[in-house]
Amino acid sequence: MSDVPTYCLNDGTTLPAIGFGTWPMKGPEATAAVLSALEAGYRLIDTAVNYDNEREVGDALRKSGVAREEIRVTSKIPGRHHAYDDAVRSTHESLEKLGLDHLDLHLIHWPNPSDGLYPETWRALVDLKQQGLVTTIGVSNFTEEHLRRIIDESGVTPAVNQIELHPLFPQEQMRAVNAGLGIRTESWSPLGKRRAPFGEPAVRGPADRYGVSPGQVILRWQVQLGAVPVPKSRAPERQRQNLDVFGFALTDDEMAAITALGRPDGRLFGGDPDTHEEQ
Ligand SMILES: NC(=O)c1ccc[n+]([C@@H]2O[C@H](COP(=O)([O-])OP(=O)(O)OC[C@H]3O[C@@H](n4cnc5c(N)ncnc54)[C@H](OP(=O)(O)O)[C@@H]3O)[C@@H](O)[C@H]2O)c1
């Protein structure tokens, strides 16, 4: 089993340096994938109300035999549950579906600024943490403006901001904003999904030099950025590979070449539409 380091978050809890993404897997496929991911050594599992797989993730947690306290389970409150009471109800429903008495990490999935309810959702999360139903609270897809508003209004800084981050979209500015506020960046679509630049010389070169796969190079780049990637794979072999990125290191030049792919003037720049509303 891979030895995955952990980060200490701003609330004193810890987060593994790599997690396992579960979207868009559902039904038996989701249970099987989470089970094999836990067997491979993943201890951070990323789900959400919107993924419609919390029951299956919960089944896998129980079947795995891994001690509950070793696993960090993440879920996310969807935009339609942003009013305070809805956010509380949503969290109880997630717990019921997962079969857990607490979530380790709970995020606001999208700020949905056009509804204007994300500060209220954040207050609900702060209260849920105080009640012990959630250990660590954070957000996803938040800009600097959204972050500063909830911090100013509540006095509580999110521990995590999960954002789209991959070589086509290296998010230098948001990574700096998160770091400046003491927030750990998590990376969604960390490989770049279907557009993963596996054939690019900046990725292919280190893969050949270190005898690893292009996916491992990209995930190693994520780790050296200090971001926590949550790659998804339904295949046990790729799951194991994606966790096995601690036996080699990229040079500063190799890191810079991958980051340059996705700079606005780079060859491949482009994240998803930048609306900050639920997609
Ligand atoms: N917060 C948000 O708004 C948000 C949005 C999107 C996603 N997410 C989270 O982020 C997770 C990951 O994002 P994602 O699934 O969009 O993208 P991703 O993890 O970057 O890419 C997943 C794709 O890459 C393939 N793959 C995985 N490992 C590989 C490897 N080593 N070599 C080659 N191909 C590989 C997978 O196929 P196989 O399954 O066949 O291996 C799958 O098609 C999601 O599962 C979800 O938990 C969060």
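List, please: which pairs have Cβ atoms under 7 Å, are six or more places apart or on different chains, and start with a residue in segment 19-35 that is modelled with pLDDT of 95 or more and more than 8 Å from the ligand (Cβ to nearest atom) and end with one that is in a helix (DSSP H, G or I) and not hydrophobic (A, V, I, L, M, F, W, C)?
If the second residue must be in a helix (DSSP H, G or I) and not hydrophobic (A, V, I, L, M, F, W, C), the pairs left are Lys26/Glu56; Gly27/Glu56; Ala30/Glu56; Thr31/Glu56; Thr31/Asp59; Leu35/Lys63; Leu35/Ser64.
Report yes if Ala207 is of a type outside the set (Lys, Arg), under 30 Å from Pro158 (Cβ atoms), without any contact (Cβ under 8 Å) to a residue 12 or more places away in the chain and not in a loop (DSSP other than H, G, I, E, B), otherwise no. Steps first, please.
Values: of a type outside the set (Lys, Arg): yes; under 30 Å from Pro158 (Cβ atoms): no; without any contact (Cβ under 8 Å) to a residue 12 or more places away in the chain: yes; not in a loop (DSSP other than H, G, I, E, B): yes.
It is false that Ala207 is of a type outside the set (Lys, Arg), under 30 Å from Pro158 (Cβ atoms), without any contact (Cβ under 8 Å) to a residue 12 or more places away in the chain and not in a loop (DSSP other than H, G, I, E, B).
Given the criterion within 19 Å of Glu277 (Cα to Cα) and either surrounded by 14 or more Cβ atoms within 10 Å (Cβ to Cβ) or modelled with pLDDT of 95 or more (or both), identify the matching residue among Leu191, Leu165, Leu181.
Values: Leu191 fails: within 19 Å of Glu277 (Cα to Cα); Leu181 fails: within 19 Å of Glu277 (Cα to Cα).
Criteria check complete, one pass: Leu165.
Every residue in segment 106-133 that is of a type in the set (D, E, K, R) and within 18 Å of Leu95 (Cα to Cα), please.
Matches in segment 106-133: Asp127, Lys129.
Of all residues in segment 217-235 being within 10 Å of the chain's Cα centre (by Cα) and outside any loop (DSSP other than H, G, I, E, B), which is farthest from the ligand (Cβ to nearest atom)?
Val228
Just checking, does segment 150-165 include any residue being farther than 18 Å from Ile18 by Cα and touching a Gly at 6+ places or on another chain (Cβ under 9 Å)? Break it down into steps so the answer makes sense when it comes.
The initial filter retains those residues of segment 150-165 that are farther than 18 Å from Ile18 by Cα, namely 150-158.
Narrowing the set further to residues that are touching a Gly at 6+ places or on another chain (Cβ under 9 Å) leaves 157-158.
There is at least one residue in segment 150-165 that is farther than 18 Å from Ile18 by Cα and touching a Gly at 6+ places or on another chain (Cβ under 9 Å).
If I filter segment 197-216 down to residues being of a type in the set (D, E, K, R) and surrounded by fewer than 17 Cβ atoms within 10 Å (Cβ to Cβ), which single residue comes out as farthest from the ligand (Cβ to nearest atom)? It would help to see each step written out before you state the result.
Keep residues of segment 197-216 that are of a type in the set (D, E, K, R), which gives 200, 204, 208-209.
Subset that is surrounded by fewer than 17 Cβ atoms within 10 Å (Cβ to Cβ): 204, 208-209.
Values: Arg204: 13, Asp208: 15, Arg209: 17 Å.
By that ranking, first place goes to Arg209.
Please go through (1) surrounded by 15 or more Cβ atoms within 10 Å (Cβ to Cβ); (2) more than 20 Å from Asn141 (Cα to Cα) for Asn112 and return the number of the only condition it doesn't satisfy.
(2)
Looking at Leu103, Leu44, which is the one that is crowded, with 20+ Cβ neighbours inside 10 Å, of a type in the set (A, V, I, L, M, F, W, C) and out of contact with any Gly (no Cβ under 7 Å at 6 or more places or on another chain)?
The match here is Leu103.
Can you list the helices (runs of 4 or more DSSP H) lying wholly within segment 38-156 that have 2 or more residues being within 22 Å of Ser189 (Cβ to Cβ) and within 16 Å of the ligand (Cβ to nearest atom)? Don't jump to the end; show me each part of the working.
Values: elements: 54-64, 84-98, 118-130, 144-154.
So the answer is 54-64, 144-154.
What is the number of the single condition among (1) out of contact with any Phe, Trp or Tyr (no Cβ under 9 Å at 6 or more places or on another chain); (2) outside any helix (DSSP H, G or I); (3) closer than 22 Å to Leu44 by Cα that Arg238 does not meet?
If we test Arg238 against (1) out of contact with any Phe, Trp or Tyr (no Cβ under 9 Å at 6 or more places or on another chain); (2) outside any helix (DSSP H, G or I); (3) closer than 22 Å to Leu44 by Cα, just (2) comes out false.
Could you grab me the full set of residues in segment 169-194 that are in a helix (DSSP H, G or I), within 11 Å of the ligand (Cβ to nearest atom) and in contact (Cβ under 8 Å) with a residue 40 or more places away in the chain? It would help to see each step written out before you state the result.
Here is the first cut: in segment 169-194, the residues in a helix (DSSP H, G or I) are 172-180, 193-194.
Of the ones still in play, those that are also within 11 Å of the ligand (Cβ to nearest atom) are 193-194.
Once the filter is applied, which keeps residues that are in a helix (DSSP H, G or I), within 11 Å of the ligand (Cβ to nearest atom) and in contact (Cβ under 8 Å) with a residue 40 or more places away in the chain, segment 169-194 yields nothing.
So in segment 157-166, with the set limited to residues that are in a loop (DSSP other than H, G, I, E, B) and hydrophobic (A, V, I, L, M, F, W, C), which one is nearest to Asp101 (Cα to Cα)? Explain how you work it out, then say what you get.
We begin by selecting, within segment 157-166, every residue in a loop (DSSP other than H, G, I, E, B); these are 157-159, 165.
Right, trim to hydrophobic (A, V, I, L, M, F, W, C) and you get 159, 165.
Numbers: Ala159: 21, Leu165: 31 Å.
In this case the residue turns out to be Ala159.
The values are calculated or read from the model by the stated rules, or taken from the named source; none is laboratory data. In this text the structure is predicted, and so the values were computed from the model without any measurement. As a convention, Cβ positions derive from the backbone with ideal geometry for all residues, glycine included, and neighbour counts pool all protein chains shown.
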